[in-house]
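Novice: Okay, handing you the structure first.
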Amino acid sequence: MDIRKVIVIGAGQMGSGIAQTAAVTGLETVLHDVRLDIVERGIANIAKSLAKFVEKGKMTAEERDAALSRIRPSDNFENARDCDLAIEAVVENLAVKSTIFKSLDSVMPAHAILASNTSSLPITELAAFTGRPSQVIGMHFMNPVPIMKLVEIIRGLQTSDSTFEAIENLAKQMGKVPASCQDVPGFISNRVLQVMINEAIWCLYEGVATPESIDTIMKLGMNHPMGPLALADLIGLDTVLSILEVLQNGYGDPKYRPCPLLRQYVKAGWLGRKSGRGFYNYQ
Ligand code: NAD
């Protein structure tokens, strides 16, 4: 299947990164959110990110301009009507995502694929909200999308081979390395990662060490590019909490119990980098 035009739903940190990468790849790209001012902020972030690629000599100014000209803003699902693919990247909440999948299913052409960038929610369940479960798949990009190589591809129970192949090929075309996994809570990446992040938060909660100490130990000791608390701030603490809840509910195992300190930070609106405050202060 030839994917030429894509709509990205959600213009937050992941949606913007996905739209940027799609536009750089040469795809006609619609970036959609609930309000146009949010989309414009997303496009401004894309322009900033592309400017850095130009500064570093990884892209010419003409290539940047061409990529930006391929992105169209949207606050109306009607703009999905002529798209071959939707990549949904809204908040990690099944109720919100399922409503979007229903709307996309009702307007998109019969051949279109519906993909979700969810970090942990069941693809099979999202597919059940549509009349095309064989064309629903998980396309899980990593943060920051323009830099990170991996795309974790998740097959729902009914995902067809042709849908899988189309998304695997697209990921490669976007310069990424696809790796596939079954539809289990948290897939591979977050089932493993979030246990480490949660444990680091428990260490902080119990007063075992400062955030700086915890992150230095994990960064230098394990040769990780950043410590688990800094990574949690980058992901967004609301997203980290949602993923841990999916793991806890999905496996029923207390090892996934979110640390109370994480819940408290999220209630306070300390969501990490995106809100200016998390385990570290970014203001
Ligand atoms: P974010 O908070 O930065 O952005 C979410 C966006 O969704 C916001 O712009 C919001 O306005 C929009 N939105 C909410 N409801 C909407 C609706 N009904 N219609 C259209 N747009 C709507 O979140 P994010 O970090 O970009 O995460 C988005 C998704 O990507 C989540 O499913 C998350 O689990 C997943 N993800 C996140 C990371 C990460 O590191 N943050 C990594 C991989 C995957």
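Novice: Which one is nearest to His111 (Cα to Cα), of the residues in segment 4-16 that are buried (at least 24 other Cβ atoms within 10 Å of the Cβ) and more than 8 Å from the ligand (Cβ to nearest atom)?
Specialist: In this case the residue turns out to be Val6.
Novice: May I pose another question? Being more than 14 Å from the ligand (Cβ to nearest atom) and acidic (Asp, Glu) is the filter here, so list the residues in segment 27-53 that pass it.
Specialist: The answer is Glu28, and nothing else.
Novice: Does Ala200 qualify as being without any contact (Cβ under 8 Å) to a residue 24 or more places away in the chain, more than 20 Å from Glu92 (Cα to Cα) and surrounded by 14 or more Cβ atoms within 10 Å (Cβ to Cβ)?
Specialist: No.
Novice: Inside segment 23-63, can you point out the residues that are among the charged types (D, E, K, R) and in a loop (DSSP other than H, G, I, E, B)?
Specialist: Hits for segment 23-63 are Asp33, Arg35, Lys56, Lys58.
Novice: Please find, within segment 124-150, the residue that is farthest from Val24 (Cα to Cα) out of those that are within 12 Å of the ligand (Cβ to nearest atom) and touching a Leu at 6+ places or on another chain (Cβ under 9 Å).
Specialist: The selected residue is Leu126.
Novice: Take the residues of segment 238-247 that are within 10 Å of Leu262 (Cβ to Cβ) and within 10 Å of the ligand (Cβ to nearest atom): which is surrounded by the most Cβ atoms within 10 Å (Cβ to Cβ)?
Specialist: Applying the filter and picking the extreme gives Val240.
Novice: If you don't mind, another one. Can you tell me which residue within segment 54-71, out of those that are touching a residue at least 12 places away in the same chain (Cβ under 8 Å) and over 22 Å from the mean Cα position of the chain (by Cα), is farthest from the ligand (Cβ to nearest atom)?
Specialist: Here the answer is Glu63.
Novice: Any residue that is modelled with pLDDT of 95 or more, over 19 Å from Val6 (Cβ atoms), hydroxyl-bearing (Ser, Thr, Tyr) and surrounded by fewer than 13 Cβ atoms within 10 Å (Cβ to Cβ) - is there at least one of those in segment 46-68?
Specialist: yes
Novice: Counting only residues that are surrounded by 23 or more Cβ atoms within 10 Å (Cβ to Cβ), give me the strands (runs of 3 or more DSSP E) lying completely in segment 82-192 with at least 1 of them.
Specialist: So the answer is 85-88, 113-116, 136-141, 150-155.
Novice: Considering each residue of segment 172-197, count those that are of a type in the set (Lys, Arg) and farther than 15 Å from Glu245 by Cβ, and give that number.
Specialist: 2
Novice: If you don't mind, there's one more thing I want to ask. Can you name every residue in segment 64-81 that is among the basic types (Lys, Arg) and part of a loop (DSSP other than H, G, I, E, B)?
Specialist: Residues satisfying the conditions are Arg70, Arg81.
Novice: What tally of residues in segment 248-269 results from selecting those that are outside any helix (DSSP H, G or I) and within 14 Å of the ligand (Cβ to nearest atom)?
Specialist: Matching residues across segment 248-269 total 1.
The values are calculated or read from the model by the stated rules, or taken from the named source; none is laboratory data. Keep in mind it's a predicted model, so treat the numbers as computed, not measured. Please note: Cβ atoms are built from the backbone with ideal geometry, for glycine as well, and neighbour counts cover all protein chains shown.
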